[in-house]
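**Student:** Mind looking over this structure? Questions follow.
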Amino acid sequence: MSCGGWVGHASPPRRTLFRNLVKKTRPPPGDAPGSFWRGRAPLMIPPPLVTFFVFVFGAILGSFLNVCILRIPLGQSILHPPSRCAACGVPIPGFFNLPIVGYFLLQGRSRCCGAHLDPRYPMVEAGTAFALAALWTLYPPELFGIYALLVSGLIVASAIDLDYLVIPDFLTIGGVVAGISLSYLFPALQGKQDPVDAMIRSSLSAAIAGGALWLVARTASWFLQKEAMGIGDAKLLAALGAFLGWPSLPFLLAVSSLIGTAVGIGILNKRKQKLGIKVPYGPYLALAALLWLLGGMNLFSKYLSNNFIQNV
């Protein structure tokens, strides 16, 4: 040792030990950088298992959406108090509050008071779970997150519209703001690379969608001399335009109209009622949007390319 240092170029014992450890754990040539553990095979989770986890997450999310559906129209907090029986107010034990499964464990009745449980609870939970699992298999993670948010909002809006024939403004106008903002942050949502272009396209799509349906609703109301369609439906379509862009609008209007007509005819035949009954249009727009996300986008694009673009 010289001048308090190590002689020549010899390394201190600790550094030598560290270098030997590094050599032993050094990844082989061609090992992918940034792997889960350097020098070892990266951790690979089977895609079906990931999809299952997404399904479970969707079921849990659906349980939360049920809370939103019940409490938002009543002006209650969606966070507090915890889940409790809608009939008697007794808190629900966690074991019986399991998504989907809990309803069948209780055989459709409340454990505390025996009140009948709405079968819509497991339907919302299962529907959310299947929808999110399908979206996960179709889209990259960033778009999956955005579309999961959109589908969640559509489920809540549809259920409230079915119960009260109204869609809260914070879901529709808030959806427009969210769609435009997310288009700026994730331009791929609008098929763009420039954030400003994506935001402009989202804004124009929202204006065209909402304005067109509002004009149709006002015209029909004037012709029938009564309200033909609520303004909330136009706001909901504007929100869908902000998220999905203007190419989705013909598909959304056509498919939602077909579904609404079929359901309306079925209701008239079953209940033997006359024309003039109020039928919520929001759920049909929501279902059309889900079909667009699950494959309607590609089918519609192929139809246009085969039957329109070739003839131009």
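Here, each number is a calculation from the coordinates, and none is a lab measurement. Quantities reported herein were computed from a predicted structural model and do not represent experimental measurements. In this analysis, Cβ positions are derived from the backbone assuming ideal geometry, glycine residues included, and neighbour counts consider all displayed protein chains.
**Student:** If you add up the charges near ALA207, with Lys and Arg at +1 and Asp and Glu at -1, over every other residue whose beta carbon is less than 15 angstrom from its beta carbon, what do you get?
**Tutor:** Working: positive: ARG201, LYS235; negative: none.
Counting the neighbours of ALA207, the net charge comes to +2.
**Student:** Can you run phi through the Karplus equation (6.51, -1.76, 1.60; θ = phi - 60°) for the stretch 279-296 and list ³J(HN,Hα) in whole Hz, with x for Gly and Pro?
**Tutor:** Going residue by residue, I get 10, x, 9, x, x, 6, 5, 5, 5, 4, 5, 5, 4, 4, 6, 8, x, x Hz, with x marking Gly and Pro.
**Student:** Can you give the translational diffusion coefficient of the stretch 45-138 in µm²/s, computed by Stokes-Einstein from the Kirkwood radius over Cα pairs at 37 °C and 0.692 mPa s?
**Tutor:** 234 µm²/s
**Student:** Extent of the stretch 159-268 along each principal axis, from alpha carbon coordinates, in Å, largest to smallest?
**Tutor:** 48, 26, 25
**Student:** Going by amide H atoms built from the backbone, whose H comes under 5 Å of the H on ARG84, apart from near neighbours?
**Tutor:** When sequence neighbours closer than 5 places are left aside, the close amide H contacts are ILE92.
**Student:** As a footprinting exposure proxy, order ASP118, ASP169, ASP161 by other Cβ within 10 Å, with the fewest listed first.
**Tutor:** Values: ASP118 15, ASP169 12, ASP161 24.
Exposure proxy ranking, most exposed first: ASP169, ASP118, ASP161.
**Student:** Let me check I've understood the local charge: for LEU237, count other residues with C-beta under 15 angstrom from its C-beta, Lys and Arg +1, Asp and Glu -1. What total comes out? Please report the intermediate quantities before stating the final value.
**Tutor:** Values: positive: ARG218, LYS235; negative: ASP161, ASP169, ASP233.
Residues close to LEU237 contribute a combined charge of -1.
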